[in-house]
1. Conditions: (1) outside any helix (DSSP H, G or I); (2) away from ligand 1 (no atom under 14 Å from the Cβ); (3) not small (Gly, Ala, Ser). Residue 71 meets all but one. Number of the miss?
2. All but one of (1) under 11 Å from the mean Cα position of the chain (by Cα); (2) crowded, with 24+ Cβ neighbours inside 10 Å; (3) at pLDDT below 95 hold for residue 422, so report the exception by its number.
3. Can you pull out every residue in segment 69-93 that is crowded, with 17+ Cβ neighbours inside 10 Å and either touching an Asp or Glu at 6+ places or on another chain (Cβ under 7 Å) or under 19 Å from residue 150 (Cβ atoms) (or both)?
4. Name the residues in segment 220-255 that are farther than 30 Å from residue 15 by Cα and in a loop (DSSP other than H, G, I, E, B), would you?
5. Of all residues being over 17 Å from residue 138 (Cβ atoms) and in contact (Cβ under 8 Å) with a residue 12 or more places away in the chain in segment 4-21, which is nearest to ligand 2 (Cβ to nearest atom)? Just the residue, please.
6. Considering segment 159-186 alone, what residues qualify as being at positive phi and within 11 Å of ligand 1 (Cβ to nearest atom)?
7. Please name all residue pairs, on different chains or six or more residues apart, with Cβ atoms under 7 Å, provided the first residue is in segment 137-154 and is more than 9 Å from residue 178 (Cβ to Cβ) and the second residue is within 10 Å of ligand 1 (Cβ to nearest atom) and acidic (Asp, Glu).
8. Return a yes/no flag: does segment 264-271 have any residue that is without any contact (Cβ under 8 Å) to a residue 12 or more places away in the chain and part of a helix (DSSP H, G or I).
Amino acid sequence: MKIVSNGEMREIESIAINTVGLPSVCLMENAGRAVAEHAAEYLFSCKRKNIVILCGKGNNGGDGFVAARYLFNKGFDVKVFVVSNIGLISGDAKKNLDIIINMGIYVAEILQKEQLKFFEKNIKESDLVIDALYGTGLDREVSGISKDAIDIVNGSGKYVISVDIPSGINGDNGKVEGCAVKANVTVTMQFMKKGIAVYPGVDYAGKVIVADIGIPRNLVDNIQCRYNMISQDDVVLPKRARNTHKGDYGKLLVVAGSKNMTGAAALCAMSAIKTGCGIVKLAVPKAIQGIMQSSLREIITYGLDDKDGAFYLGSVDEVLKLANTVDAVAIGPGLTNSCDVREFVKEVILRLEKPLVLDADALNAISDSVDMIIGKDVILTPHIGEMSRLSGGSANEINDNIYETVEKFISKYKATLVLKGSRTVIGNDTEGIYINCTGNPGMATAGSGDVLTGMISSFLVQGLKEVKAAIYGVYYHGKAGDMASERYGEYGLTATNILEYIPYVMKM
Ligand SMILES: NC(=O)C1=CN([C@@H]2O[C@H](COP(=O)(O)OP(=O)(O)OC[C@H]3O[C@@H](n4cnc5c(N)ncnc54)[C@H](O)[C@@H]3O)[C@@H](O)[C@H]2O)[C@@H](O)CC1
Ligand SMILES: [K+]
């Protein structure tokens, strides 16, 4: 699913209006009607009828005026409050404001504090609030009367439907500009918007419904979007040919584990084999090979020369020899974060000429020399904490600037980045940005990342290019976690449960 910025949306609308010749007022009519339909559906479901519509002075407000008309025609009790001097309203919005005034629909201005009191009284008596204050035109922090009105809406506990974007959310990056409406549902026009595809915007948008407002299909199909939301039809699993053997499904080397962390290696190797690759070789420090062998039937394990139960420079040659027998290498889970391990990881990366998935301690190992991955076929899978060590900046700064963080990193290092979080973002400078929306908070558990690394690596050796392997891995990892949480809940969910459900979600 394509995701657009405010500017891209405005450009698409202007092509539809000025080149194709679609009257802008038709787009507004379709937008307002879509909002009205969802509002009516909710009100019919709870047999309620009082609606307050909060409108701004622009076209987002215009959508609100159109919605008011349709809802009034359906017999609902509609009150419209405009946070602007209605004399300042122009264009399509003015047209629709005049119509609802001519129809006798209640319209009041909110320009000063005392009018807020009346607004608050009506909000309290309402059953549904429609937020048509700001959409793609939000261009500064929300303040004054608008802020007060938003606070009243958020404090009312009423069911809220936002038009296009929850007012106060920056449509380009999802930031809260001062304050923002917390909606139950956001009816967004024609395309998913960047600002409600990532946090914090996701938190304010509630359930997002993408409404078709009549932008011509060839325009919709032909726009090249850098940002995309991963959907089921992006991750179709090809049917397997009958006359194949395990060699046809790729060979992976997992380099993982240390004497205190054996589970990470096992989870990563097992998730790779469960995701369908033909052969998984697991290289571990020889101190733990016995444990691995006894618990991993399907995995070929190798005990490498180690130093105090962890890899060190002396382990490199054996890794490179093993790497020559496989299609890709995953390195990182449970390695330990020591000086020896960091030297080991860097030496392997320097000398390895294979597609590489770097996770966990392998990411920590290169955090002071990320340049070394430039020119290599690398997928990195950091969580926010590891990302702050890779790219600098605090976890909060990264959380607040997800898009910029990803864009800066991928343009500098030309790698494929999987920035894990409640909305994992996959980025590759030439292929674009992909946002995942499967998964749940139960997956924030030890070992979940090891399972993901195994899945991405498995898709890689099965022949998918880096970005596709990352997209498939992240999507099915989240799906497995969702199915597992249906059975185990979110508190009790473990990485082993996610592993358990990989075959089921890939079978669907
Ligand atoms: N352009 C079109 O033809 C269509 C636009 N549509 C609607 O129009 C919206 C965009 O409308 P506009 O571009 O008029 O802008 P908005 O209606 O989003 O914003 C209204 C105006 O508020 C002002 N403003 C922005 N941030 C503010 C702040 N923090 N405090 C106070 N004032 C602020 C700006 O001057 C802006 O023009 C879309 O989100 C969508 O809902 C849809 O009806 C589809 C058709
Ligand atoms: K809005």
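1. Of (1) outside any helix (DSSP H, G or I); (2) away from ligand 1 (no atom under 14 Å from the Cβ); (3) not small (Gly, Ala, Ser), only one is false for residue 71: (1).
2. If we test residue 422 against (1) under 11 Å from the mean Cα position of the chain (by Cα); (2) crowded, with 24+ Cβ neighbours inside 10 Å; (3) at pLDDT below 95, just (2) comes out false.
3. Those that are crowded, with 17+ Cβ neighbours inside 10 Å and either touching an Asp or Glu at 6+ places or on another chain (Cβ under 7 Å) or under 19 Å from residue 150 (Cβ atoms) (or both): 79, 80, 81, 82, 83, 84, 86.
4. 235, 236, 237, 238, 239, 240, 241, 242, 243, 244, 245, 250
5. So the residue we want is 12.
6. Residues satisfying the conditions are 164, 168, 178.
7. Here the result reads 138/177, each pair linking segment 137-154 to a residue that is within 10 Å of ligand 1 (Cβ to nearest atom) and acidic (Asp, Glu).
8. no
The values are calculated or read from the model by the stated rules, or taken from the named source; none is laboratory data. Keep in mind it's a predicted model, so treat the numbers as computed, not measured. Cβ: placed from backbone, ideal geometry, glycine included. Neighbour counts: every protein chain shown.
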